[in-house]
Amino acid sequence: MADEENGAAQPQPQVKMNVLTQFIRDMSFENILAQKGASGQAQPDVQVQVNLDAKKRATDHQYEVVIKLIVDAKAKDLDEQMFLLELEYAGIFHIEGVPEDQMHPFLLIECPRLLFPFLRRIVSDVTRDGGFPPLNLENIDFVALYRQEIARRQAAQQAEGGQKLDA
């Protein structure tokens with residue numbers, strides 16, 4: 001009982017998160033195959049690049065999170081580009097109760113996780129409407145993506161620090 005009372009003395013803040021809005025900030029789809037006048041059923045080799053960005057807004061407890069996606073499809077046999085899709089999908093979130101030291105990972109993991117199903121649908125619709133079979137993106141592991149970015153930044157800082165020491 002004493003442990004429960006001690007735990008109750010310092011309650012964890014309740015995390016509150018609302019998606020206020022989500023929208024396409026920028027989008028470009030180029031059907032390069034049609035522009036070249038190519039025909040036939042080429043098998044696509046699809047490369048997907050994902051970048052995340054988050055920033056605090058002027059209003060208290062509001063944050064903007066952007067998923068930047070580049071989908072580059074090339075014909076496997078011909079190594080010619082078939083289409084290029086560039087998409088920036090953003091969400092505005094109201095977040096309370098997240099400790100400051102946990103806000104960065106929260107913004108770059110949990111928020112994109114909520115936006116992703118909508119982004120996936122847009123990619124599917126745009127590729128279908130662009131004359132290709134709908135592209136159904138695989139789930140993205142935002143935790144792994146976050147860890148890769150942190151590791152990349154640490155490596156860049158170490159390289160930068162090493163260059164300064166040598167100079």
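The values are calculated or read from the model by the stated rules, or taken from the named source; none is laboratory data. This structure is a prediction, so every number in the text was calculated from the model and none was measured. So basically every Cβ, Gly included, is an ideal-geometry build from the backbone, and we count neighbours across all protein chains shown. Remember, those area values only see protein heavy atoms, side chains included, never the ligands or the DNA or RNA. Shrake-Rupley method; radii C 1.70, N 1.55, O 1.52, S 1.80 Å.
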Show the residues, 5+ positions off or on another chain, whose built amide H is closer than 5 Å to the amide H of Lys76.
Gln43, Asp45
Of every hundred units of 1.4 Å-probe accessible area on the chain, the number belonging to carbon and sulfur atoms, as a percent, is 47 percent
Between Leu145 and Glu96, what's the calculated FRET efficiency when r is the beta-carbon distance and R0 is 25 Å? Round to 0.05.
0.50
Compute log10 of I(q)/I(0) for the chain with the Debye formula, placing one identical point scatterer on every Cα and leaving out solvent, at q = 0.09, 0.10, 0.13, 0.19 Å⁻¹, to two decimals.
-0.46, -0.55, -0.79, -1.16
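What accessible area per residue comes out for the range 49-167, rounded to a whole number of Å², with a 1.4 Å probe? Intermediate values should be presented prior to the final figure.
Details: 7050 Å² over 119 residues.
Per-residue value: 59 Å².
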Run the count for the chain, please: Lys pairs, Cα-Cα under 24 angstrom, 8 or more apart or on different chains.
6
Theoretical gain in end-to-end length, Gln157 to Ser28 [0.36 nm per residue, Cα-Cα removed]
43.1 nm
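When the chain is fully extended, how far beyond the present Cα-Cα distance does Glu86 get from Val19, taking 0.36 nm per residue of separation?
Extra length from Glu86 to Val19 when fully extended: 21.8 nm.
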